[in-house]
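Right, one structure below, let's go through it.
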Amino acid sequence: MYEELENFERNHVWDLVEPPPNCGPIGTKWVFKNKLGEDGMVVRNKARLVAQGFCQKEGIDYEETFAPVARLEAIRILLAFAASKGFKLQQMDVKSTFLNRFIEEEVYVRQPPSFESARFPDRVYKLRKAFYGLKQAPRAWYARLKSFLLKSGFVMGSVDKTLFLLSRGGDTLIVQIYVDDIIFGGSSHALVSSFAEQMSSEFEMSLMGELQFFLGCRSSKALKKLSSIKPSTQGTYSRSLTWVTLNL
């Protein structure tokens, strides 16, 4: 929980201010999740501060909310294509994804439960950036990442808006986005390494190495056969549904 709040401070997400008249601040709550590895075992316990976005009113607190998300079929096609070309796909995870984009709307949220200011318990936070739970958060993050990739020379897919391609010389780099999970690979190791360094310099990333487990699918390290991709075990699936939500 302390780590989560440190991320908020480091990314300058909000400012503690006096509540303006009739501001109607949005509530916040803590959500706890066990992050599972490819074997279905718990590898990390995560605490996430989220906004109670169901309190937001369309046209007042937000306008557009749509953000494209990759379909599982698109992921499978990418895995098959990578196998046919001999690409080694890598995986990275964006830390505190939704804290990377400023929001246009004026939004106020209540102080986190059990972490209210002792000096100013009646104040509220005015948001500079989106964070989890806000209706506009996924759209804001996608716009931020898309803008960065396009400026870096990538071309967005005409059908799949979460697929980005970069051609440099005779080499090709493929990037597939699924919210805060990114898989990428290409024909040149130098191009792949350069992209990983570029992303790490722009965002706070966790580089997870060669792709082995993604969206409930396992794959062999070399991705040589499409048959090596198999559904997650029942135990992994059932454990992935274990969410504990606590209102402190």
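The values are calculated or read from the model by the stated rules, or taken from the named source; none is laboratory data. Note that the structure is predicted; figures quoted are calculated from it, not measured. Counting neighbours? That spans all protein chains shown, and the Cβs are built from the backbone with ideal geometry, glycine included. Areas reflect the complete protein model, heavy atoms only, side chains present, ligands, DNA and RNA absent. Shrake-Rupley method; radii C 1.70, N 1.55, O 1.52, S 1.80 Å.
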With all protein chains modelled, accessible area of Ser84 [1.4 Å, Å²]
90
Relative packing of peptides 64-70, 112-118 - highest average C-beta neighbours within 10 Å first:
64-70, 112-118
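Based on the Cβ-Cβ distance from Ala190 to Gln212, what FRET efficiency comes out when R0 is 22 Å, to the nearest 0.05?
On the way: r = 23 Å, r/R0 = 1.04.
About 0.45, to the nearest 0.05.
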When all Cα-Cα pair distances of the stretch 66-209 are considered, the percent exceeding 19 Å is 57
Whole-angstrom gap from the stretch 56-77 to the stretch 135-171, using each part's C-alpha centre:
15
Rounded FRET efficiency, nearest 0.05, which uses the C-beta distance separating Val17 from Val43 and R0 of 45 Å
0.75
Roughly what % of Cα-Cα distances in the stretch 17-134 sit above 21 Å, to the whole percent?
56
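Determine the order of Asp122, Asp93 by accessible area, beginning with the largest, at a probe radius of 1.4 Å.
Working: Asp122 125, Asp93 15 Å².
Heavy-atom accessible area, descending, gives Asp122, Asp93.
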Please work out the Kirkwood hydrodynamic radius for the stretch 80-165, using every pair of different C-alpha atoms, and report it in angstroms with one decimal place.
16.1
Plugging the Cβ-Cβ distance of Asp181 and Asp122 into 1/(1 + (r/R0)^6) at R0 = 41 Å yields, to the nearest 0.05, a FRET efficiency of 0.55
